[in-house]
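These notes concern the structure reproduced below.
The values are calculated or read from the model by the stated rules, or taken from the named source; none is laboratory data. The structure displayed is predicted, hence computed values, not measured ones. Ideal geometry is used to build each Cβ from the backbone, glycine not excepted, and the neighbour counts take in all protein chains shown. Ligands, DNA and RNA are excluded from the accessible area calculation, which covers all protein heavy atoms including side chains. Shrake-Rupley method; radii C 1.70, N 1.55, O 1.52, S 1.80 Å.
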Amino acid sequence: MDFEALKLSKQILQALVELNYKKPTPIQEQIIPKILAGQDVLGIAPTGTGKTAAFILPILRKLNFAQGENPRALIFVPTRELAVQVYDNAVELSKYTDLRCCKLIGGVGKQSQIKEVSAGIDIIIATPGRFMDIYAQGVIFLKKIDTLVLDEADKMMDMGFLPQLNKILEIIPAKRQNLLFSATFHPKVEELTEEFLDFPIKVEIEPEKVVVDLVDQYVYHVPNARTKLNLLVHLLENESEYQRVLIFARTRETAENIHRYLNRKEVGKWKAIHANKGQNTRLNAYKEFSEGKIRGVVATDVAARGIDVSAVSHVINFDAPVMYTDYVHRVGRTGRAENEGVAITFVSEVEQYHIDKIQDLIRQKIKVLEIPEEVEVCNSTYDEKQAFAREIDRQKRKEDPSYKGAFHEKKKAKKSQPNKPSRKTIQAYKFITEDAKKKKKKGGKNTKRKK
Ligand code: AMP
């Protein structure tokens, strides 16, 4: 099928040619006709499938041209980065129409957004919090809304947006078309679907299909954080292959440490993005990354939502994600649309548990690669070994509550919270880079002096 068959307007087709979208992706092929027919749709599709254009294109077709002052389509997304991505996509696709889009997101001034909305708008792309903020100013009139989109609904539920969404549902016209997109169909999304959609058509693009089709996935068994750093630098020394790399870390501190370490090792320029970074810093990092001004970005999961950089050559999971659907999201950052990509995950003994679950989710075995001989494999420290043993015990207990545990400190384990890794576990797993060490020393001296 090609885009002509989808009954889009000439102006939209022209924009598609310019964007070099040659044919609809499977989700676009299935969903666009249903949206144009006016049905409520539930789209289960991870990022990287072309799901954004799957709802933007028919909305542009339905709205056709600018009309009046008041918005007619509302698109809600969980994060600012995703709002920027959806907005950019909408602007590109509507380039040859006179439709007006705006994004209402936090982290930037409200006034310009209020001005933009007041000047007359057709499509609003927003995070729920900022939308309600601006709505409260009395500048948005919602009586013309006839399409409502909730994108990444699973993430919205995880981030606790349900009360705000319920409020929004109260203030928009009841007669409208609803479109809900989610990477997964977990029980909370199912609940939301019942409340929010009217006899919906469900279109599901399975994650494993996306992963299988577009991305080569590999795992390295790496004993500890120090060795992970050595392996990472070794891989990145291959500049011709590892051109544009996105590295994922579980915590902000790890992301920060990795990016400093890489900059010191002179394997290209790197930036870190995580929740502690300001909105502008993050947007700049995305921009520099997509323009190829830096070689890569080290990100945490939430911060990386919405990064839309085609031609990411490699995704490297420095840590295996503990939220297993995040694996699909992370991997979906490479191999986007028609590009092929590579995803590599570093897996320590403790993380094997998570990678097994991830393999169940994607219904696929990930190929294991041997650590190259040139890479120095460091011994785990005593603390690391203890922490790993404790964590493995915890995992086994989780699977089988009657498991007594091989680890000798059973009494202590009883005291600790069974579902949380102990502080010692976290401490031991954190690697301290030279930078962090220096910082520590400095900090120590300062405190002493103050005393
Ligand atoms: P999404 O799943 O919406 O995050 O889209 C993933 C990427 O695919 C984005 O970079 C889009 O610009 C791109 N894309 C979407 N639809 C197509 C298409 N039909 N052909 C080529 N690229 C596309």
For region 196-203, check the following and say yes or no: at least one residue is of a type outside the set (Val, Ile, Thr), open to solvent by 20 Å² or more (accessible area, probe 1.4 Å), part of a loop (DSSP other than H, G, I, E, B) and not assigned by TED's automatic domain parsing to the domain that holds Pro58. no
In region 10-19, the residues that are open to solvent by less than 10 Å² (accessible area, probe 1.4 Å) and more than 11 Å from the ligand (Cβ to nearest atom): Ile12, Ala15
Out of all the residues in region 70-80, is one or more touching a Gly at 6+ places or on another chain (Cβ under 7 Å), in contact (Cβ under 8 Å) with a residue 24 or more places away in the chain and within 16 Å of the ligand (Cβ to nearest atom)? yes
Given the criterion of a type in the set (Lys, Arg) and within 13 Å of the ligand (Cβ to nearest atom), identify the matching residue among Lys7, Lys62, Lys95, Lys22. Lys22
Can you find, within region 162-194, the residue that is most open to solvent (accessible area, probe 1.4 Å) among those that are assigned to a helix (DSSP H, G or I) and farther than 26 Å from Thr49 by Cα? Glu170
In region 30-58, which residues are surrounded by 23 or more Cβ atoms within 10 Å (Cβ to Cβ), more than 9 Å from the ligand (Cβ to nearest atom) and part of a loop (DSSP other than H, G, I, E, B)? none
Filter region 332-372 for residues that are closer than 11 Å to Gln217 by Cβ, among the small types (Gly, Ala, Ser) and out of contact with any Ser or Thr (no Cβ under 8 Å at 6 or more places or on another chain) and give the result. Gly335
Applying the selection to region 234-244, what residues are assigned to a helix (DSSP H, G or I) and crowded, with 16+ Cβ neighbours inside 10 Å? Leu235, Leu236
List the pairs whose first member sits in region 26-42 and is closer than 13 Å to Phe199 by Cα, whose second member is hydrophobic (A, V, I, L, M, F, W, C) and open to solvent by 70 Å² or more (accessible area, probe 1.4 Å), and whose Cβ atoms are under 7 Å apart, counting only residues at least 6 apart or on separate chains? Asp40/Phe199
So Phe388, is it modelled with pLDDT under 75 and either crowded, with 16+ Cβ neighbours inside 10 Å or outside the structural domain of Asn317 (by TED's automatic domain parsing) (or both): no
